[in-house]
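Below you'll find the structure, written out as structure tokens, and then a few comments.
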Amino acid sequence: MQRVFLLFSIFVVAGLSAQEIPYKNTPDWESTAAGRISTGLGLADINGDGWKDMIVADGNDIQRQHLTLHYNNGDGTYPLSPDWESDDIDYHGHLAVGDLNDDGWPDVAVSVYIGPSGFSDPGKLKIYFNQQGELESTPSFESMPFYTFSCAMGDADGDGDLDIGVACGEPYSSILDKGRIYYNDNGTFSDDHVWESYVNMGSLDVEFGDIDLNGYLDIVFTCEDTHNYIYFADELGQISDTAGWESSDPENYINSVDIGYHLEGDPYTFLVMTGNDQLGGDGRLKMYNFDSDPFETTPSWESNPFGYGSGIILYSVLWEDEPDLIYGGWWKPVKIALNTENGYELNASYTSSETSVVEAILISDLGQESWIDTTYINNDTIQGNLILLPHPVVEKVSSVSVEDVVLADEMWKHIPGKGWVVVSDEIPLYPPVAVKYKHSPHGDMVITNWDSGKGNFIYYNTNEPVGIPENNVQDELEVYPNPADDFIYIDFGRIHHSCNISILDQHGRQILHTDISNTANARIACPQFPAGMYILKCAIDGNIKAKKFFIIHK
């Protein structure tokens, strides 16, 4: 057994520079690879315990595999191997998570890229409904066959429920197809109730967003070997089948997309996309601004050539007004390009030392250490049924009120991680409208990776917590320096007669346990622990207090 040094001490404070990128260069957590070819990623509370679980779709176009789940340990850590996997297998692409049938439990939609026979056989869309805390072992909805690599959820017809947008086509074989939206009919879906785009596309990604800021969600398709398209919703929230915008780049080979909002001053939206030059094109990241009339069809910013670009997400890493650009590629590092006056940095401020075959990137404060309660109030006239929130990554929406009347939960929808809420068309959105929600300035970075020899990654945010988790009492407990080298110092706020201390590693395994009494502070030696992320848990007077901290060895 390792010796543990527990001393009572005077504290010395140390901290990180506010301008340092708050992620280590290597992942803090890597799941067991086990030959999994991970592609789709979702973060949502599947089992109803208040903590975000990790949903992963495995397979890509390489091997038929399962949908899997890692349940959150209740502190932001996850087991190395999945806790659950589906009974069925497929060539799974990307997935989307949201409550489709108004029962209060998040469901999972998954794109299947190709069929059981491979590229000669089209895939499909599947839905796994959540049965009060457990996903169906096999999907209860499977569409007719078509090639699809990605899907997204959003309200496509202005009625306040979640429909499913589907990217269609198979670019490797130059098979073009119409983009689709499966309309939600009181929680059921059918091949007979589907929107189709007027043109055929080779689309690899799809996303909902209010591009023209008319109060309704539009749909964006990014494509290989065809233009990118936006289909706009009209004044009733119905998305047109004729594209209202298409990019004019001479060669277009785009893999993934995310949508950003500039809400200060003269508001406008923008798109960021990753190019992938496997089949052609220049392999650059591109940004399109929608701040002019008519909208520009060429990029306002382009990166240096990146090659096989893939996953992308916008997030304000340094907690400033404008989001930064986080992106990855195939057999490449993860990069973070900070926002500048002229777009994004051409030389990224952060480059991970670990490379992988990145598919999806999501941001969430998994341990809830820095969740902040916020109320957004809009006293202006609201068009449509969409409420854009000032924080682009929202952990959880607690309530929506119109003229001080709290709406029933089934009258509004929020997708975990999105910065918007849609409201039922039965509710007139007269001001004031109030949305209570939780967000975090210190999100962790989660990445799926289809290199079968590597697992999926979590890069935990190294900034000190600034909020109080709803599930834990943390108003007295302080741990510093963070990150630590020789010692961590623990301040309990006041003298307690007894305190039970545990330290857990990034996989949730207990590596230290001790009891102390009649003290207000303590210190624990760190050299015995490897560098990495840890959770300090203290049982004090019947309350569980927890803090995330990091150890680095200089």
(request) With the full set of protein chains in place, find how many percent of the accessible area of the chain is carbon and sulfur; take the probe as 1.4 Å. (result) 47
(message) How high is the relative contact order of the chain? Use alpha-carbon pairs under 8 Å, at least six apart in sequence, and give a whole percent.
(response) 14
(message) Suppose all protein chains stay in the model; what accessible area per residue would a 1.4 Å probe give for the chain, in Å²?
(response) 38
(request) Quote the FRET efficiency, to the nearest 0.05, computed for Gln238 versus Arg509 with a Förster distance R0 of 41 Å and r equal to the Cβ-Cβ distance. (result) 0.20
(request) Would you please classify the overall shape of segment 72-201 from the alpha carbon gyration tensor, given that a ≥ b ≥ c denote the square roots of the eigenvalues, rounded means a/c under 1.5, and beyond that prolate means a/b larger than b/c while oblate covers the rest? (result) oblate
(message) Just want to confirm a number: the relative contact order over segment 298-407, from Cα pairs under 8 angstrom separated by 6+ residues, in percent.
(response) 19
(message) Compute, for segment 77-233, the length of the dipole vector about the Cα centre, with Cβ point charges of +1 (Lys, Arg) and -1 (Asp, Glu) only. Units Debye, rounded to 20.
(response) 480
(request) Mind putting a number on the dipole of the chain about its Cα centre? Charges go on the C-beta only, +1 for Lys and Arg and -1 for Asp and Glu, and I need it in Debye to the nearest 20. (result) 2700
(request) When a/c is below 1.5 the answer is rounded, else prolate if a/b is larger than b/c, else oblate, so apply that to segment 305-450 with a ≥ b ≥ c taken from the square roots of the Cα gyration tensor eigenvalues. (result) prolate
(request) Take the Cα gyration tensor of the chain, multiply each eigenvalue by 5, square-root it, and list the three semi-axes largest first, rounded to whole angstrom. (result) 39, 26, 23
(request) Which order do the peptides 28-40, 387-399, 154-166 take when ranked by the mean count of other beta-carbon atoms within 10 Å per residue, highest first? (result) 154-166, 28-40, 387-399
(message) What is the sum of charges, Lys and Arg at +1 and Asp and Glu at -1, for the other residues whose Cβ falls under 14 Å from the Cβ of Val334?
(response) -3
(request) First check a/c for segment 238-377, with a ≥ b ≥ c the square roots of the eigenvalues of its C-alpha gyration tensor; if it is under 1.5, answer rounded, and if not, answer prolate when a/b is larger than b/c or oblate otherwise. (result) oblate
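The values are calculated or read from the model by the stated rules, or taken from the named source; none is laboratory data. All figures in this text were calculated on a predicted structure; none of them were measured in a lab. Quick reminder, even Gly has a Cβ in these numbers, built from the backbone with ideal geometry, and neighbours come from all protein chains shown. Accessible surface is based on the protein model in full, side chains and every heavy atom, while ligands, DNA and RNA are left aside. Shrake-Rupley method; radii C 1.70, N 1.55, O 1.52, S 1.80 Å.
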